[in-house]
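Each reported figure results from applying straightforward, stated rules to the coordinates on display, with no laboratory input. Keep in mind that what you see is a predicted model, and the values were worked out from it rather than measured. Every residue, glycine among them, receives a Cβ derived from its backbone with ideal geometry; neighbour counts consider all protein chains shown.
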Amino acid sequence: MRNFPVDLGAGLRKALAKLTGAAIIDENAVREFTKELQRILISNDVNVKLVFELSKRIEEKALKEKPLPGVSPKEHAVRVVYEELSKMMGERHEPKLGKQKILMLGLFGSGKTTSTVKVAKFYQTRGLKSGVICCDTFRPAAYEQLQQLAERSGVPFYGEKGEKSVERIIRNGLVKLQENDVIILDSSGRSAFDLDLQRELKLISQHFEPNERYLVISADIGQVAGKQAAEFNASVPLTGVFITKMDGSGKGGGALSAVAATGAKVAFIGVGEKTQDLEVFDSKKYVGRLLGFPDLETLISKMETIAKEENIKPEQLLEEKFTIKAFYEQLRATKKMGPLKSVFGMLGMADLPKEMVEQSEEKLKKYEVIINSMTPAERDDASLLKKSRSRQERIAKGAGVKVEDVRRLLTEFEKMEKMMVMFKKNRGFRKQMEKMMKGGFKMPGGG
Ligand SMILES: Nc1nc2c(ncn2[C@@H]2O[C@H](COP(=O)(O)OP(=O)(O)OP(=O)(O)O)[C@@H](O)[C@H]2O)c(=O)[nH]1
Ligand SMILES: [Mg+2]
């Protein structure tokens, strides 16, 4: 069942779209939004108290805080939502890139063994040598499982089949793997955090002397993750939490926020069963993705560069007469920009026509040939073409395409032309567009 992050994300995006689509950002609109937000978060097992605190802060900041100069109340509201949600989900983790020993601990089936290899692989891709030690002396097949996973991923492995003394395994393992920069130790789980496990983890800590102690928790336990993190932390001081199965649980948001509320740091998240399915946790990125703009900062700067490259000036976009030439430049720019949809969505605009969002190289080439077969007068005044079938046929012949292709281009041109007229009438959009092109568009996460 894959209902995360789809559900949480889809719910949040819908609620946010409604907020940005509201005529004005007043108490009503914000209240309605926070009510919806509460419903979504609670259904994702986020703690009720956290949810209420969050909505209160959002209401206060969205309504009472003065937006920065040049920022509209809508942008301000979106930014507040984004920042407060990010804060609730925790901080960004910066993994240390250097020599270190990492202890992976946690209850049965939380994902320790899988995550051990994921972490090893993570450091390998960053140019560090890493190896793993099997210190799970509890479960019979633990040795084989880690050995196979490690071998398949090209990760050095050490273990002693049947050996019960963790002290011995660690001593030998550290010698055998001494060439490695990063050594990750997989420990055994229990069904609950009992005295037995406590003793074992203390013993491991004493002999292994780990720099990092990561508690591995499965996202599907939701807000209980907070209680668990606090419990473990009291006897084995944690340096981070690794939340697994974020891909398959509808409670990931609950687990993340509960862990953050204890003050523990979410270091990594597991987003699949494969060795590469690991992400360094960054709440802003995570929330950004949930809200539908994964990499907004990159996107905005990309738009600016493209606008410069293609020489599209805001004036040109908004010039009185929309020509075939401007149309073609738009298509090209749109193709380079990619996920434009989310940006327009943020501005509270309706979805763009599909043709404008999805541009294939092939189609653009064809259009280029067609446009090259037009006379300058036609390129300047598309109305000459719309009425004249003989002109269309002449162009098709000259370009070596079907007359239908020429008509399709004209239909798309008309659609965009209509939209441009609509945009021009919309002063708010006009201002946004100008700001965006000048690079002054303020987006959440931009600061
Ligand atoms: N979908 C998904 N599955 C995961 C993830 N991490 C681990 N798993 C799966 O969860 C199951 C348990 O993982 P293990 O790594 O064996 O868990 P463990 O904590 O070592 O288990 P014990 O050693 O028995 O305590 C396996 O089927 C893994 O493939 C993840 O991020 N996403
Ligand atoms: Mg295991």
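Relative contact order, whole percent, for segment 241-296 stands at 30, derived from Cα pairs under 8 Å and 6 or more residues apart.
Label-to-label distance, LYS285 versus ARG168, with points set 7 angstrom from Cα along the beta-carbon direction: 4.3 nm.
Here the 3J(HN,Hα) profile of segment 264-278, calculated from phi with Karplus coefficients 6.51, -1.76 and 1.60 at θ = phi - 60°, is 6, 9, 7, 8, 10, 10, x, 10, x, 7, 7, 4, 8, 7, 9 Hz, Gly and Pro shown as x. Looking at the square roots a ≥ b ≥ c of the eigenvalues of the Cα gyration tensor of segment 213-300, which shape do they give, rounded for a/c under 1.5, prolate if a/b is larger than b/c, or oblate? Prolate.
Taking the mean number of other Cβ atoms within 10 Å as a proxy for protection, how do you rank 50-62, 128-140 from highest to lowest?
128-140, 50-62
Obtain the nm distance between the two label points defined at GLU27 and ARG13 by a simple spin-label model: each point lies 7 Å from its Cα along the Cα-to-C-beta direction. For the pair GLU27/ARG13, the computed spacing is 3.3 nm. In terms of distances greater than 27 angstrom between alpha carbons, the cross-link table entries LYS365/LYS397; LYS61/LYS245; LYS164/LYS245; LYS64/LYS265 yield LYS61/LYS245; LYS164/LYS245; LYS64/LYS265.
Distance between the pseudo-spin-label points of LYS415 and ASP247 (7 Å out from Cα toward the beta carbon): 3.4 nm. Applying 0.36 nm per residue to the separation of LEU128 and GLN147 and subtracting their alpha-carbon distance, the gain on full extension is 4.9 nm.
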